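Asker: I'd like to ask some things about the structure below.
The values are calculated or read from the model by the stated rules, or taken from the named source; none is laboratory data. Note that the coordinates shown come from a computational prediction; the quantities given were computed from them, not determined experimentally. Virtual Cβ from ideal backbone geometry, glycine too; neighbours counted across all protein chains shown. Heads up: the accessible areas ignore ligands, DNA and RNA and are worked out on the full protein's heavy atoms, side chains in. Shrake-Rupley method; radii C 1.70, N 1.55, O 1.52, S 1.80 Å.
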Amino acid sequence: MSVPGKPVPRHLSVVVADDELPAVNELAFLLGRDARIGEIHRASSGAQALALVRDHPVDAVFLDIHMPGMSGLELAGALGSGDRPPVLVFVTADEEQALAAFDLAAVDYLLKPVRPERLAESVRRICDQAAEAATGDDDVVTVVQGGTTRIIRREDIRYVQAQGDYARLHTQEASYLIRVPLAELEEQWAEAGFVRIHRSYLVSRAHIRQVRMVGGRASISVGAAELPVSRRHLPRVRSTLSASRVRSRT
């Protein structure tokens, strides 16, 4: 997972490539009904699809295998040579080319006529692969909310709240639920300045406004939130904050 700024709405941008116009229009129509899909580019040849990928940020290409000029397999080979190749989904009536397609690292292989439920599964696979690529960066976190994939920067996360086997990430604008236990985030994010203050809270040192002691109870102000500090974690919190103040002065 990785992190900087505001949560960014993330819809998949795709190219649909087929030399048969009705097939392009039908697949574009089905994709347009999926809330996870944003921009849909249409291509009637492999060369046109390749130009679209070069000119636009594209997450995935849905391509037929048999196209005149540059075939779908040739197009897939050309796309795979880029710095950030899009995810490939072959859409064809040819069952015998599946092995060749997967040799080119295709994420799925759809047979015509395309069933909406199978197409939805392909989109899910594309989303999963995009999330895996994003979470390879330790400065951002990929979350899915209301069918929309969002990329948020870890430096914008003020604190994390435990919710069973899940964790809720709180930023200035909103909160996001991810399926990661708080203990796991505590271990992964310690070097990024996150400190455990309570069994239910992990806080970013950069966002701490004030530490208060009232009636023998400690709390920390993070934005507009007032979070409790448990007696068990108080010594470590004090030590961590003191060390950070010393480093900031030097």
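Asker: When the chain is fully extended, how far beyond the present Cα-Cα distance does LEU177 get from ALA35, taking 0.36 nm per residue of separation?
Answerer: Full extension of this stretch gives 49.2 nm more.
Asker: Roughly how many percent of the accessible protein surface of segment 178-247 is carbon and sulfur, given a 1.4 Å probe and a whole-percent answer?
Answerer: The computed percentage sits at 45.
Asker: Separation between the ARG232 and ALA120 pseudo-spin-labels, each 7 Å from Cα along Cα→Cβ, expressed in nm?
Answerer: About 4.2 nm, to one decimal.
Asker: Run the quick spin-label model on GLU20 and HIS66: label points 7 Å from Cα toward the beta carbon, then report their separation in nm to one decimal.
Answerer: Between GLU20 and HIS66, the simple spin-label model gives 0.9 nm.
Asker: Pulled fully out, how much extra length does the chain show between ALA93 and HIS56, if you take 0.36 nm times their separation in residues and subtract their Cα-Cα distance?
Answerer: So the chain would gain 10.5 nm between ALA93 and HIS56.
Asker: Could you give the length gained on full extension between ALA190 and ASP165, defined as 0.36 nm per residue of separation minus the Cα-Cα distance, in nm?
Answerer: 7.1 nm
Asker: Moving on. So for the pair SER239, SER45, with labels modelled 7 Å out along Cα→Cβ, what separation do we get in nm?
Answerer: According to this spin-label approximation, the distance is 6.9 nm.
Asker: Just to confirm my numbers, what's the Cα centroid distance between segment 112-131 and segment 30-45 in Å?
Answerer: 12 Å
Asker: What translational diffusion coefficient, to the nearest whole µm²/s, does segment 146-245 have by Stokes-Einstein, given a Kirkwood radius computed over alpha-carbon pairs, a temperature of 10 °C and 1.306 mPa s viscosity?
Answerer: Value of D from the Cα-based Kirkwood radius: 114 µm²/s.
Asker: With every protein chain kept in place and ligands, DNA and RNA left out, what is the accessible area per residue of segment 156-250? Probe 1.4 Å, answer in Å².
Answerer: Ligands and nucleic acids excluded, the result is 60 Å² per residue.
Asker: Mind running the shape call on segment 25-68? Use the C-alpha gyration tensor, a ≥ b ≥ c as the square roots of the eigenvalues: rounded below 1.5 for a/c, prolate if a/b tops b/c, oblate otherwise.
Answerer: The shape class here is oblate.
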